[in-house]
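So the structure is just underneath, and the comments pick up after that.
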Amino acid sequence: MTILKDKIGRVITSIVLVVILLVGVVGYVGWYNLFREVPTYYESPEEHFKYGSIGTEEAQGVPYWIWMVLPRIFPDKLPRPGGYTSLGITWEEGKEMPVGFTKKTIGFPRVGITCAVCHTATYRKTEKDKPTIVAAAPANKFDSQGYLRFLSASAGDPRFTADYILDEIKYSYRLSWLENLLYRYVLIPQTKKALLQQKEDYSWTDSRPNWGPGRIDPFNPVKFNTLKLPKDNTIGNSDMMPLWNQKMHKGFALHWDGLETSLTETVQTGAIGDGATKKSLPVADLQRVEDFIQELPPPKYPFAIDEQVAAKGSQIFANTCASCHAFGGERTGTVIPVEEVGTDRHRLDMWTQEGADTYNHFGDGYPWDFKNLRKTNGYVSVSLDGLWLRAPYLHNGSVPSLQDLLEKPENRPQVFYRGYDVYDPKKVGFITEGDEAKAVGFKYDTTVTANSNQGHVYGTDLSSEDKKALIEYLKTM
């Protein structure tokens with residue numbers, strides 16, 4: 001009897017050990033394929049800015065192979081042929097990912113976005129030229145709203161199934177049997193669910209004017225989705241901003257309306273706005289971004305400059321513009337009341353005191369924290385370093401060129417096309433008219449709500465000769 005009990009005991013022990021081993025193996029495989037995080041590192045600060053993780057992959061990342069094949073399965077959801085490039089996304093030659101996108105393994109490879117997706121520009125001197133890519137410039141082509149809508153529209157299509165997607169993946173990559181199971185039963189269904197939820201989260205944009213390339217409503221998504229504040233009817237559509245030369249901007253109010261005064265917080269809230277979470281926010285990686293934009297010089301004007309005319313323009317600038325726009329100017333980097341500057345106030349009204357108060361407590365209990373967000377009453381008088389590459393102008397991008405900006409509002413273009421990257425050195429801005437600009441661009445109508453080109457009448461009373469000289473000088477900044 002004792003021998004029988006011993007045998008039964010040994011069998012039970014063996015079974016328990018096998019079960020423990022199987023659970024361990026299953027647990028390890030699950031961890032390896034769903035949660036294992038592989039750090040990414042780029043030695044070059046600029047490469048890190050363009051492709052390094054800012055913590056968006058865990059919550060907002062799309063599984064790499066799904067992301068890769070979506071344009072091939074759903075070209076009808078894109079504005080024109082060309083895959084992701086039709087949304088203004090830019091690839092550098094020889095790079096796996098486009099500028100502003102990162103590939104990071106957290107269990108499995110995921111695609112997230114970086115600061116560079118909204119802060120990298122391209123320009124061409126002629127239509128036949130290859131684009132010159134400028135890091136930290138305001139993105140002039142990227143249609144962020146179009147990108148979100150493409151992902152959501154794809155997920156809502158009946159073809160967004162494991163069979164369709166896996167068949168398309170096979171043309172480029174042979175999944176292992178385990179990867180195949182993971183994609184079929186977990187990643188594809190969960191991605192569909194997440195993208196449809198994203199569509200719901202951004203459904204409020206359907207009742208407001210489209211952003212268009214180079215623009216974004218930067219803080220309503222934060223208010224409604226991140227901070228869970230009640231939805232209101234505000235419109236925050238505004239241009240992307242340049243990030244270069246930040247060491248010279250020390251002490252300036254940040255964002256168009258000066259809602260921040262801390263560069264560190266601005267970089268961190270930018271990552272959260274792009275999809276990072278409290279737990280995934282990579283403080284050290286974001287410090288590298290901050291260090292890069294502190295030292296990066298503004299891009300030099302790439303065309304010829306008439307130095308004699310520019311010299312005359314420098315005196316006009318000193319007398320007309322310097323107090324608000326020169327480094328060292330008494331109002332440079334400060335908030336000018338909207339009643340004075342006279343530009344469209346919708347972007348200002350979008351950000352609320354409740355939003356600032358709530359966001360200042362968002363990081364409570366974490367090693368990082370926010371305390372400098374605020375509500376203001378106007379727009380920042382920005383410095384003009386790298387001004388030539390900031391077109392279109394004003395905070396909402398409603399004026400195509402510097403030449404147009406020095407015209408009285410009633411004489412500025414009422415309708416133009418933005419998103420075309422061929423440069424016009426005469427007007428100092430991108431080409432916004434013609435068949436090609438219409439074919440690839442977004443029709444900007446200044447009569448649409450929040451698109452007004454009114455205000456900022458400074459310099460509009462100058463003579464034609466003085467305007468020409470001033471513009472020539474502004475090219476040098």
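The values are calculated or read from the model by the stated rules, or taken from the named source; none is laboratory data. None of these values were measured; they are calculated from a predicted model. Glycine also receives a Cβ, built like all others from the backbone with ideal geometry; neighbour counts cover every protein chain displayed. Areas reflect the complete protein model, heavy atoms only, side chains present, ligands, DNA and RNA absent. Shrake-Rupley method; radii C 1.70, N 1.55, O 1.52, S 1.80 Å.
Take the residues in the range 268-295 that are buried (at least 21 other Cβ atoms within 10 Å of the Cβ) and aliphatic (A, V, I, L, M); name whichever of them is nearest to Phe430 (Cα to Cα).
Ile293
Within the range 45-61, which residues are more than 14 Å from Thr114 (Cβ to Cβ) and either crowded, with 20+ Cβ neighbours inside 10 Å or modelled with pLDDT of 95 or more (or both)?
Residues satisfying the conditions do not exist here.
Criterion first (in contact with a strand residue (DSSP E or B) (Cβ under 7 Å, 6 or more places away or on another chain) and under 30 Å from Lys467 (Cβ atoms)) does Pro242 satisfy it?
Here the answer is no, as Pro242 does not meet what is asked.
Of the residues that make up the range 380-389, is at least one open to solvent by 10 Å² or more (accessible area, probe 1.4 Å), within 27 Å of the chain's Cα centre (by Cα) and farther than 30 Å from Pro425 by Cα?
Looking through the range 380-389, none of the residues is open to solvent by 10 Å² or more (accessible area, probe 1.4 Å), within 27 Å of the chain's Cα centre (by Cα) and farther than 30 Å from Pro425 by Cα.
Looking at the range 169-200 only, could you name the residues that are closer than 18 Å to Ala153 by Cα and of a type outside the set (Lys, Arg)?
Selection gives Leu187, Ile188, Pro189, Gln190, Thr191, Ala194, Leu195, Leu196, Gln197, Gln198, Glu200.
Would you call Val428 open to solvent by less than 40 Å² (accessible area, probe 1.4 Å), modelled with pLDDT of 95 or more and closer than 22 Å to Thr126 by Cα?
yes
I'd like to verify a number: residues in the range 128-185 that are farther than 30 Å from Asn237 by Cα, outside any helix (DSSP H, G or I) and open to solvent by less than 10 Å² (accessible area, probe 1.4 Å), how many?
1
Would a scan of the range 241-253 turn up a residue that is of a type outside the set (A, V, I, L, M), open to solvent by less than 20 Å² (accessible area, probe 1.4 Å) and within 24 Å of Gly212 (Cβ to Cβ)?
Yes, the conditions are met somewhere in the range 241-253.
Out of the residues in the range 246-267 meeting the condition of being assigned to a loop (DSSP other than H, G, I, E, B) and within 16 Å of the chain's Cα centre (by Cα), tell me which one is nearest to Phe101 (Cα to Cα).
Ranking the candidates gives His255 first.
Determine if the range 300-307 includes at least one residue that is among the small types (Gly, Ala, Ser) and surrounded by 15 or more Cβ atoms within 10 Å (Cβ to Cβ).
Within the range 300-307, not a single residue is among the small types (Gly, Ala, Ser) and surrounded by 15 or more Cβ atoms within 10 Å (Cβ to Cβ).
Can you tell me how many residues within the range 307-335 are within 22 Å of Ser238 (Cβ to Cβ) and in contact with a helix residue (DSSP H, G or I) (Cβ under 7 Å, 6 or more places away or on another chain)?
Qualifying residue count, the range 307-335: 3.
Could you grab me the full set of residues in the range 113-133 that are touching a Phe, Trp or Tyr at 6+ places or on another chain (Cβ under 7 Å) and closer than 14 Å to Tyr51 by Cα?
Once the filter is applied, which keeps residues that are touching a Phe, Trp or Tyr at 6+ places or on another chain (Cβ under 7 Å) and closer than 14 Å to Tyr51 by Cα, the range 113-133 yields Ile113, Thr114, Cys115, Ala116, Val117, Cys118.
Of these, Phe74, Phe49, which one is touching a Lys or Arg at 6+ places or on another chain (Cβ under 9 Å), of a type in the set (Phe, Trp, Tyr), closer than 23 Å to Arg288 by Cβ and touching a residue at least 60 places away in the same chain (Cβ under 8 Å)?
Criteria check complete, one pass: Phe49.
The rows are residues; the columns are (1) modelled with pLDDT under 95; (2) part of a loop (DSSP other than H, G, I, E, B); (3) more than 19 Å from Arg347 (Cα to Cα).
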position	(1), (2), (3)
Val222	no, no, no
Asn225	no, no, no
Gly236	no, yes, no
Trp244	no, yes, yes
Thr269	no, no, no
Leu281	no, yes, yes
Gln287	no, no, yes
Glu290	no, no, yes
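Quick one: in the range 141-175, which of the residues that are modelled with pLDDT under 95 and not basic (Lys, Arg) is farthest from Phe442 (Cα to Cα)?
It comes out as Leu175.
Which of the following residues is within 30 Å of Lys279 (Cα to Cα) and of a type outside the set (S, T, N, Q): Gly112, Gly88, Gly83, Gly94?
Answer to the selection: Gly112.
Among what's in the range 66-82 and is closer than 19 Å to Gln198 by Cβ and in a helix (DSSP H, G or I), pick the residue that is nearest to the chain's Cα centre (by Cα).
Among them, the one singled out is Trp67.
Failed condition for Thr226, given (1) under 19 Å from Gln60 (Cα atoms); (2) open to solvent by less than 20 Å² (accessible area, probe 1.4 Å), with all others met?
Condition not satisfied by Thr226: (2).
Given the options Thr120, Thr105, name the one that is out of contact with any Asp or Glu (no Cβ under 9 Å at 6 or more places or on another chain), among the hydroxyl-bearing types (Ser, Thr, Tyr) and open to solvent by 10 Å² or more (accessible area, probe 1.4 Å).
Thr120
Quick check on the range 319-346: of everything there that is part of a loop (DSSP other than H, G, I, E, B), free of Cβ contacts under 8 Å to residues at least 40 places away in the same chain and of a type outside the set (Asp, Glu), which residue is surrounded by the most Cβ atoms within 10 Å (Cβ to Cβ)?
The residue in question is Arg345.
For the range 83-123, enumerate the residues that are assigned to a loop (DSSP other than H, G, I, E, B), touching a residue at least 60 places away in the same chain (Cβ under 8 Å) and under 16 Å from Leu148 (Cα atoms).
Gly88, Thr114, Cys118
Using the structure shown, decide if Ile316 is in a helix (DSSP H, G or I), touching an Asp or Glu at 6+ places or on another chain (Cβ under 9 Å) and under 28 Å from Thr432 (Cβ atoms).
It is true that Ile316 is in a helix (DSSP H, G or I), touching an Asp or Glu at 6+ places or on another chain (Cβ under 9 Å) and under 28 Å from Thr432 (Cβ atoms).
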